Amino acid sequence: METNHNVPIQDQANGLAVTSMVLGIVGLVLVLVPFLPYPLGILAIIFGLISMKSPFKKGFAVTGLITGIVTILLKVLFWIGFASLFGI
């Protein structure tokens, strides 16, 4: 007798993509904190680029990449606005 066993398909994980997304979102939330968003945004970009090579959870990687770039851009714009406010 032959028995059929249903084996559940495991969801493939891409930890770097999830990490990239989380770092990017945290960087966006903390954009007004003086120096903390820089490493968060840079790491989100790096992890997003690395995890784009994996076929799993590419949406998380793209989200992390975009939020990391936006975090860095917002910090640069913040300092430009701060410098122009005080005439530096």
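The values are calculated or read from the model by the stated rules, or taken from the named source; none is laboratory data. Because the structure is a prediction, the values reported are computed rather than measured. Here the Cβ is made from the backbone with ideal geometry for all residues, glycine too, and neighbour counts use every protein chain on show.
Take the range 1-47 and flag every residue that is over 15 Å from residue 73 (Cβ atoms), in contact with a helix residue (DSSP H, G or I) (Cβ under 8 Å, 6 or more places away or on another chain), at pLDDT 90 or above and not aliphatic (A, V, I, L, M).
Hits for the range 1-47 are 19, 20, 47.
Yes or no: residue 44 more than 11 Å from residue 25 (Cα to Cα) and either in contact with a Ser or Thr (Cβ under 6 Å, 6 or more places away or on another chain) or aliphatic (A, V, I, L, M) (or both)?
Details: more than 11 Å from residue 25 (Cα to Cα): no; either in contact with a Ser or Thr (Cβ under 6 Å, 6 or more places away or on another chain) or aliphatic (A, V, I, L, M) (or both): yes.
No: the conditions fail for residue 44.
Looking only at the range 55-88, count every residue that is of a type in the set (A, V, I, L, M, F, W, C), loosely packed, with under 12 Cβ neighbours inside 10 Å and not in a helix (DSSP H, G or I) and tell me the total.
2
Across the range 47-88, what is the number of residues that are over 15 Å from residue 24 (Cβ atoms) and of a type in the set (S, T, N, Q)?
2
Among the residues of the range 32-54, write down those that are polar (S, T, N, Q) and either closer than 10 Å to residue 18 by Cα or surrounded by 17 or more Cβ atoms within 10 Å (Cβ to Cβ) (or both). So that I can check it myself, show each step before the final result.
Narrowing the range 32-54 to residues polar (S, T, N, Q): 51, 54.
Within the range 32-54, just 51 meets the criteria.
Which is out of contact with any Ser or Thr (no Cβ under 9 Å at 6 or more places or on another chain) and not acidic (Asp, Glu), of 28, 77, 23? Don't jump to the end; show me each part of the working.
Details: 28 fails: out of contact with any Ser or Thr (no Cβ under 9 Å at 6 or more places or on another chain); 23 fails: out of contact with any Ser or Thr (no Cβ under 9 Å at 6 or more places or on another chain).
Testing whether each residue is out of contact with any Ser or Thr (no Cβ under 9 Å at 6 or more places or on another chain) and not acidic (Asp, Glu) leaves just 77.
Any residue in the range 54-61 that is of a type in the set (A, V, I, L, M) and either touching a Leu at 6+ places or on another chain (Cβ under 6 Å) or without any contact (Cβ under 8 Å) to a residue 40 or more places away in the chain (or both)? Even if it seems obvious, please write down each step before you answer.
Taking the range 54-61 first, the residues of a type in the set (A, V, I, L, M) are 61.
Filter once more, keeping what is either touching a Leu at 6+ places or on another chain (Cβ under 6 Å) or without any contact (Cβ under 8 Å) to a residue 40 or more places away in the chain (or both): none.
Looking through the range 54-61, none of the residues is of a type in the set (A, V, I, L, M) and either touching a Leu at 6+ places or on another chain (Cβ under 6 Å) or without any contact (Cβ under 8 Å) to a residue 40 or more places away in the chain (or both).
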